[in-house]
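Beneath this line is the structure, given in structure tokens, with notes to follow.
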Amino acid sequence: MQWCKFACKYCSNPDTRKKDWWTTYTIDWLVEELLSYKAYYGKKWWVTFSGGECTLQAEALVEVCSHLKKERIHICIDTNGSQMNSHVEKLLGLTDIVLLDIKHSDEEKHLRLTWAKLTPVLNFLEYLEDKEKPYRIRHVVIPWYTDAPEHMQAFAQILSWKQYLKKLNLLPYHEMWLHKWVQMWRKYPLAWVSPPSNQTIDTFRSLCKAKLSDSVLVQ
């Protein structure tokens, strides 16, 4: 879905940031389109909404997901956790699992990396815990930004004692999305950054495993 208020330096979908670049579809058309693929969803049918930031269109998604739930389709929301209002609360009530991206563990560095505040994301995380909503965390490991030992420790501490965290994905930074920036005639801010070493990823995983419940899958 189009529109995002974050401006991450390593954004994989820079073409979805702006609100005025989207094509508008009716709710009925979208529901019909999604249901047309039902035969391909397998025994446990899933639809994932991402973006951009899909919760910025939560009011419309509530209507869409209400129709999908009647068809016994499971809902997944892929979000940066920056939005919380009554519409987002209703959307989460219809959601079976959340994919939450946490960009950094430090408020100031999160702001530098994304041009957005960390506090709403942490509040979103606590909301998921309070509502007993299953979720997975994804975090991109970026040299010079999110690979420092103090960040690793702080990040693991944020997730410690979380009861409804099901999985943590530590994703090595890469440049597979660089072509999108080139096509948009935009300068890519992290063109000088290389992927992290396997040792860095392994160290980060070990720190997280030591802090998290044994039931949490760390990859």
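Points to keep in mind about this one:
- Residue in the stretch 194-205 that is more than 21 Å from the chain's Cα centre (by Cα), among the β-branched types (Val, Ile, Thr) and modelled with pLDDT under 95 present: no
- Some residue of the stretch 25-42 being within 21 Å of the chain's Cα centre (by Cα) and at positive phi: no
- Residue count for the stretch 156-182, restricted to those that are exposed (fewer than 12 other Cβ atoms within 10 Å of the Cβ) and touching a helix residue (DSSP H, G or I) at 6+ places or on another chain (Cβ under 8 Å): 1
- Against the conditions (1) crowded, with 18+ Cβ neighbours inside 10 Å; (2) of a type outside the set (Ser, Thr, Tyr); (3) in contact with a helix residue (DSSP H, G or I) (Cβ under 9 Å, 6 or more places away or on another chain); (4) under 30 Å from residue 113 (Cβ atoms), residue 22 satisfies every one except (1).
- Taken over the stretch 12-64, the criterion of being assigned to a loop (DSSP other than H, G, I, E, B) and touching a Ser or Thr at 6+ places or on another chain (Cβ under 9 Å) is satisfied by 13, 22, 50, 51, 52, 53.
- Sole residue being of a type outside the set (Ser, Thr, Tyr) and in contact with a Cys (Cβ under 9 Å, 6 or more places away or on another chain), chosen from 89, 53, 59, 63: 53
- Under the condition of being exposed (fewer than 14 other Cβ atoms within 10 Å of the Cβ), of a type in the set (Gly, Ala, Ser) and at pLDDT 90 or above, the residues counted in the stretch 26-61 number 1.
- Close pairs (8 angstrom Cβ cut-off, 6 or more residues apart or separate chains): closer than 9 Å to residue 88 by Cα in the stretch 44-64, among the small types (Gly, Ala, Ser) and part of a loop (DSSP other than H, G, I, E, B) anywhere: 55/82
- Every pair of residues 6+ apart whose Cβ atoms lie under 6 Å, when the first sits in the stretch 1-13 and is within 26 Å of residue 34 (Cβ to Cβ) while the second is assigned to a loop (DSSP other than H, G, I, E, B) and of a type in the set (Val, Ile, Thr): none
- Subset of the stretch 107-126 [in contact (Cβ under 8 Å) with a residue 12 or more places away in the chain, in a helix (DSSP H, G or I) and buried (at least 16 other Cβ atoms within 10 Å of the Cβ)]: 109, 113, 114, 121, 122, 124, 125
- Boolean, residue 194 is in contact (Cβ under 8 Å) with a residue 24 or more places away in the chain and either polar (S, T, N, Q) or touching a helix residue (DSSP H, G or I) at 6+ places or on another chain (Cβ under 8 Å) (or both): yes
The values are calculated or read from the model by the stated rules, or taken from the named source; none is laboratory data. Treat the numbers as computed from the prediction; the structure is a model and nothing was measured. Positions of Cβ are generated from backbone atoms using ideal geometry, with glycine treated the same way; all protein chains shown enter the neighbour counts.
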